[in-house]
Structures are given as structure tokens and as C-alpha cells.
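Everything below concerns the one structure shown next.
The values are calculated or read from the model by the stated rules, or taken from the named source; none is laboratory data. As the structure is a computational prediction, the values presented were derived from the model and not from experiment. Here the Cβ is made from the backbone with ideal geometry for all residues, glycine too, and neighbour counts use every protein chain on show.
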Amino acid sequence: MNRDNDKGKILINRSYTMIITKLVLLLIIVLRLYYLQVYQADKYKMMADENRISTRLLIPPRGVIYDRNGVMVASNRQNFQAMIVAEQTPDIQATLDEFKKIMPLSKEEEEKIKKDIKRNRSFVPIKIRDNLSWEEVSKIQLKAPDLQGIYIDEGLSRDYPFGESMAHILGYVSSVNEAEAKADEDSLLKLPEFKIGKAGIEKLFEKELRGKGGSLKLEVNAYGRVMKEIEKIDGIPGKSLSLTIDSRLQQKAYELFGEQSGAAVVLDVHTGEILAFVSAPSYDPNAMSKGLSSKEWKELVNNERKPLSNKAISGQYSPGSTFKTVVALAALESGIVRPETKFSCSGQMFLGNHAFHCWRRTGHGSLNVVEALMHSCDIYFYETAQRIGIERIANMARRFGLGKKLNIGLENEKAGLIPDKVWKKKHFRESWQQGETVIAGIGQGYVLTTPLQLATMVARIANGGFAVTPTFTRVTDKSHIKKINISSDYLDTVKQGMYDVVNVPGGTAYRSHFNINGMEMAGKTGSTQVRRITMKERQTRILRQDELPWKYRDHALFIAFAPYDNPKYGIAVLVEHGGGGSSVAAPIASAILQEAINLNILK
């Protein structure tokens with residue numbers, strides 16, 4: 001009996017213990033709930049809202065870019081995109097196979113789509129193809145029953161209506177890379193579909209063109225799926241820009257190059273405003289913005305005519321005989337050469353044992369500086385350069401915009417090179433030689449310039465010696481443009497020589513002259529060798545340019561301004577391996593200047 005009583009007491013005690021334990025646990029739970037629901041109510045309400053509400057960043061429309069006449073040269077257009085939602089697709093591969101019957105997908109594209117699907121939740125839309133045409137959209141809509149999970153979305157994409165002709169000015173936009181995202185704190189750059197300027201004006205004015213993002217508040221369920229829109233705040237569109245370029249002249253200038261490779265720059269000689277800026281061949285900025293395949297990219301990179309290179313500012317070339325204008329100015333200013341000073345050209349000149357040849361084997365006879373410019377006599381400028389020295393030549397060249405960057409804002413601008421004694425000592429630890437001065441006198445040897453610099457040089461000659469600087473932005477105040485300290489008489493002498501080059505029979509560019517209601521141009525031809533002519537060739541027969549492979553032909557150059565009596569437009573044209581300045585570059589420049597005059601760009 002006692003044992004039974006002891007067992008009963010133990011059971012009762014255990015029951016009491018369990019009841020007390022449960023009561024204590026219940027009390028703890030009650031107190032915890034009270035604490036959470038009363039004391040922490042605000043905190044958890046906010047957390048619940050954060051789980052319930054999803055805030056998304058909205059991409060603002062990118063700023064539009066206009067030419068000087070208000071014509072859109074970079075804008076935004078509707079972009080129809082084919083999207084796929086994995087959870088709405090019974091068989092992703094089968095759906096993609098059906099899609100490929102409408103439009104092809106490369107292996108790279110298909111692999112990227114599958115990777116994106118794996119990386120994201122099943123309800124997140126993944127882009128299959130963008131920039132769809134109406135015809136492509138229609139085909140997808142018609143095949144909708146066989147394309148479960150695929151739908152058409154609408155957005156904006158960058159559009160360049162002038163394509164290749166303005167690519168080296170405008171540049172293009174493309175997806176943000178990792179380094180760019182780290183360097184810029186703007187949260188827009190974290191969006192996978194966001195694009196920024198990668199080159200040209202698009203890159204130079206990226207911050208202004210980008211604008212500020214908006215926001216979209218959405219109510220989502222526990223799985224993150226959108227239930228409804230709560231609030232939408234539009235962003236601030238990017239700032240629009242107006243350039244100095246005339247799109248009509250730009251298009252004409254680009255077309256005139258045809259299959260040729262080279263560059264052309266047209267300036268307002270009084271302000272430095274860039275009216276046309278061509279680098280040929282070029283690339284399609286629309287294709288770059290959409291994204292190129294590896295094959296397409298390799299074709300651009302390996303093209304011997306370098307379409308990705310902006311030759312107007314990054315191409316450095318010997319200026320050839322166009323440089324004789326600067327040498328003439330230096331000679332006149334020195335007083336060693338006067339307008340009436342004559343030198344005799346027999347076709348060659350000796351310095352020690354070395355012979356220097358004129359382009360005309362039989363020579364030009366006796367000439368003064370105006371006649372030497374008109375006929376582009378090499379011997380005259382060999383003699384002139386010897387007498388005035390490299391320091392005077394270098395000083396004058398730099399005053400007229402050569403040998404330094406002009407800082408127009410585009411990437412990869414080169415400074416060119418105007419050599420002197422200090423430069424050679426620094427770079428070669430050797431003394432300057434007289435023969436190097438002779439070669440510099442005709443714009444060869446170490447002398448290097450860019451087409452933009454040559455356009456600046458001719459603009460400063462044409463405007464009477466004002467140091468204009470090229471720019472893509474409108475110039476409303478010319479008070480900052482300084483006068484170069486040089487006599488107008490010297491400039492007039494050189495301008496007369498340039499006039500005779502084009503408008504007097506026998507001038508090297510006479511075939512390119514024009515007269516539009518009394519308006520004529522003045523200019524200077526130039527050709528620069530890219531290979532050494534052997535003594536054997538000189539003794540037998542120098543090969544004609546058309547007999548040489550393209551890459552061994554001379555570069556062709558021409559600088560000019562118009563109208564001669566009231567200069568407005570300055571131009572520099574370079575044709576890589578074009579053969580001759582008079583036969584190739586001058587006709588292009590002449591046609592461009594005639595177009596500018598007929599369009600009356602600077603009224």
C-alpha cells in the first residue's frame with residue numbers, strides 16, 4: 001500500500017511540475033507577444049511594410065543632342081523587346097526553339113538567356129531580343145500560343161539617325177562595366193539594362209545627358225511577385241545639348257570620302273566653332289549601342305583602314321607642303337626673306353654630299369614666296385628653312401596651333417610634334433642637324449600634326465591672326481580670342497600665295513577652283529611620303545602612286561579657306577594613302593566648301 005501511495009504522490013508532483021512549467025512557458029509567450037505587439041509594434045510594422053513594398057529605380061529618358069539648326073542627331077526611340085518569364089513556360093528550351101523559328105539566336109545569345117534565367121527568380125522577366133521591328137513584333141504575336149511565357153515589352157533605346165557620318169563626334173552608349181559602376185556612385189549604374197556614354201559627346205557630357213532616376217513603389221507578396229502599383233515618381237530627363245555641327249554639311253563631307261580613308265575638319269574661322277568633323281571610314285553607333293558579336297568586333301579592330309580610330313584628332317601625320325604657309329610666315333617675320341626675295345630651283349639642292357630634291361624634277365626656276373607657295377616649290381623652302389633656322393619655324397608653328405593638344409574634349413586627342421633643338425637633345429641626346437631643318441621646311445622629318453590642328457592653323461591665317469580654338473559648343477562672346485602678334489602684311493602675302501594655288505593657272509590646285517557669285521577659295525596642297533624613294537628609282541623611274549600598293553602611297557592633304565575676300569570657313573582634308581593633295585584632297589575640300597557656301601551656314 002505504501003508503495004502505491006508513494007507512486008501516486010510522485011505522479012501528482014510530476015503533474016504539478018508539468019502544469020507549472022506550462023504556465024511559466026505560457027506566461028513567457030504572453031509577455032513576449034505583448035512585448036512584440038505593443039512595445040515593438042512600430043518597428044515590426046515598418047519591417048513588414050518593407051517586405052510588402054518593393055521600390056524600383058526608373059531610368060530617365062536620355063538627353064537629346066541637336067545640331068546647330070535644331071536637327072536631332074542623337075535621340076531616343078521606342079524599343080520593343082521580347083521577354084521571357086520562366087515560371088510561365090512549361091519547357092524553356094522548347095519555347096526558345098519555337099522562338100528561333102521566327103528569328104535566329106546565336107549560341108552565345110541562347111547561353112546568356114539561360115544563365116540569366118538561372119540567376120534570377122522564376123517570375124523575373126528576362127530579355128531575349130531587343131530593338132524589334134514592327135514586322136518581328138507581329139510575328140511573335142501571331143505565334144503567341146506556341147511561345148508560352150514570351151511577351152513584348154516597350155522601352156527606350158538610343159538612336160543615331162545619321163549613323164556612321166557622325167559616329168566619331170557623338171560616340172555611342174553601351175552597358176556599364178564593373179569598373180565604371182565602382183567609380184560612379186549613381187545607383188542608376190547598378191541597373192543591368194542601364195547604358196552610359198562610351199565615346200564622343202555621349203561620354204564627354206555623360207552626367208548632363210543622363211538625368212536623374214525616378215522610382216516606382218510596388219506591393220509584392222511573400223515570394224516577391226508584384227501585386228499592384230502603389231506610387232510612381234518620374235525621374236528628371238537628361239539635359240539636351242546643341243552642337244555647332246551642321247548635319248547637312250557633315251553628311252555631305254562624309255559621303256565625299258566614299259571608300260577613301262582620312263579626315264576632314266571645317267571651322268568657323270572667327271569663332272572656332274566646328275561645322276563638320278569627319279573621320280573615315282567610320283562605324284555604326286546604333287550597332288555599337290545594341291552590342292556587337294565577337295566576330296563583328298574583330299572585323300572592326302582588324303580593318304586596315306581603322307574605322308574605330310578618330311583620325312581627325314588621334315591621327316598624327318606629316319603636314320607636308322601645307323606646312324610651307326607657316327615657314328613662309330616665319331621667314332617674313334624674321335626679315336631674312338622679303339616678299340620679293342627670290343631663290344632659284346633647278347630640281348635639286350645639295351647640303352654637303354646629300355642631295356635634296358624638288359617634287360618637280362626639272363625645277364621651277366626663280367621664284368618669290370608667293371610663287372613658291374603657288375607652285376609648292378620644295379627647293380625654295382629648303383633654302384628658306386636653312387636661313388631662318390628651326391627655332392623660328394617651331395615658334396611660328398606653335399603660335400598657329402600646331403604641336404599641342406587643342407582640348408576639344410574628345411578622347412585620344414594627340415598633340416602632334418613640332419621639333420626644335422631642345423626637344424631633340426631631350427629625346428635623343430643628340431644635337432640638331434642642319435639637314436633636319438631642311439626637311440622640316442617642307443613639313444616632313446619629325447614634324448607631325450593632326451587634321452584638327454591644320455584646320456585651326458588655316459583658320460588663324462584666314463581670320464587675320466586671331467587665336468581661335470576649335471569647339472563643339474556655340475561661341476557667343478569673342479572677347480576672349482586673343483590676337484597673335486604678327487603683321488597683317490605677312491598674313492596677306494601668304495594668303496595671296498594660297499589664292500594663287502587655287503585660282504591662277506599653274507597653281508597646284510587650280511583644277512579645284514570655283515567661283516560662286518564672286519566667292520572663291522584659297523588653299524595649299526600637300527603630299528607626304530610614307531616610304532623612302534631609292535636612288536635607283538630616281539635614276540630610272542619613280543613609280544606612279546597608282547602603281548603602288550595602297551599602304552605605300554603618299555598621304556594627300558589640302559588646307560583652304562573661303563570666301564577669299566571675306567573668310568568664313570576654314571578646312572583641312574587628309575586622305576590616307578590618297579596619292580596627291582592636288583588630285584585627291586583638294587577636290588574633296590573644294591566640294592565641302594561649295595556646300596557650306598550654298599547652304600549659307602554662317603549667314
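Of all residue pairs spaced 6 or more apart or on separate chains, those with beta-carbon atoms under 6 Å, a first member in segment 422-450 that is closer than 29 Å to VAL575 by Cα and a second member that is among the aromatic types (Phe, Trp, Tyr) and part of a strand (DSSP E or B) are VAL438/PHE356. ILE152 meets the stated requirement of being more than 16 Å from the chain's Cα centre (by Cα), over 30 Å from GLY315 (Cβ atoms), among the β-branched types (Val, Ile, Thr) and in a strand (DSSP E or B).
Where in segment 167-241 are there helices (runs of 4 or more DSSP H), lying fully within it, with 1 or more residues that are assigned by TED's automatic domain parsing to the domain that holds LYS127 and at pLDDT below 85?
Correct list: 178-183.
Residues of segment 337-364 that are surrounded by 12 or more Cβ atoms within 10 Å (Cβ to Cβ) and under 17 Å from GLY497 (Cα atoms): VAL337, ARG338, PRO339, THR341, LYS342, PHE343, HIS364. Taking the criterion of being more than 13 Å from ALA372 (Cα to Cα), modelled with pLDDT of 95 or more, under 43 Å from the mean Cα position of the chain (by Cα) and among the aromatic types (Phe, Trp, Tyr), would at least one residue in segment 293-311 satisfy it? So far as segment 293-311 goes, no, none of its residues is more than 13 Å from ALA372 (Cα to Cα), modelled with pLDDT of 95 or more, under 43 Å from the mean Cα position of the chain (by Cα) and among the aromatic types (Phe, Trp, Tyr).
When GLY445, GLY435, GLY409 are checked against the criterion of being under 27 Å from the mean Cα position of the chain (by Cα) and either assigned to a helix (DSSP H, G or I) or assigned by TED's automatic domain parsing to the domain that holds ALA467 (or both), GLY409 stands alone in meeting it. The set of residues in segment 327-347 that are outside any helix (DSSP H, G or I) and more than 16 Å from ALA372 (Cβ to Cβ) contains only GLY335. Among the residues making up segment 515-542, those that are touching a Phe, Trp or Tyr at 6+ places or on another chain (Cβ under 9 Å) and at pLDDT below 95 are SER527, THR528, VAL530, ARG531. Among the residues that make up segment 407-419, is at least one of them β-branched (Val, Ile, Thr), farther than 12 Å from VAL327 by Cα and in contact (Cβ under 8 Å) with a residue 60 or more places away in the chain? Within segment 407-419, one or more residues are β-branched (Val, Ile, Thr), farther than 12 Å from VAL327 by Cα and in contact (Cβ under 8 Å) with a residue 60 or more places away in the chain. Selection of segment 110-121 for residues being assigned to a helix (DSSP H, G or I) and surrounded by fewer than 16 Cβ atoms within 10 Å (Cβ to Cβ) yields GLU111, LYS112, LYS114, LYS115, LYS118, ARG119. Would you please name the residue that is farthest from TYR317 (Cα to Cα), looking only at residues in segment 408-449 that are surrounded by 15 or more Cβ atoms within 10 Å (Cβ to Cβ) and aromatic (Phe, Trp, Tyr)? This residue is TRP432. May I ask you to list pairs of residues, at least six apart or on different chains, whose Cβ atoms are under 7 Å apart, with the first in segment 518-542 being at positive phi and the second being surrounded by 13 or more Cβ atoms within 10 Å (Cβ to Cβ) and at pLDDT 90 or above? Pairs that qualify, where the first residue is at positive phi and the partner is surrounded by 13 or more Cβ atoms within 10 Å (Cβ to Cβ) and at pLDDT 90 or above: there are none. Of all residue pairs spaced 6 or more apart or on separate chains, those with beta-carbon atoms under 8 Å, a first member in segment 544-570 that is under 20 Å from LEU452 (Cα atoms) and in a loop (DSSP other than H, G, I, E, B) and a second member that is at pLDDT below 95 and among the polar types (S, T, N, Q) are ASP554/SER527; ASP554/THR528; ASP554/GLN529; ASP554/GLN545.
Within the set THR493, THR469, THR473, the sole residue that is touching a helix residue (DSSP H, G or I) at 6+ places or on another chain (Cβ under 8 Å), part of a loop (DSSP other than H, G, I, E, B) and among the hydroxyl-bearing types (Ser, Thr, Tyr) turns out to be THR469.
Applying a threshold of 8 Å to beta carbon distances and a minimum spacing of six or more residues, or different chains, the list of pairs starting in segment 73-102 at a residue that is closer than 12 Å to ILE126 by Cβ and ending at one that is among the basic types (Lys, Arg) and outside any strand (DSSP E or B) reads ILE92/LYS114.
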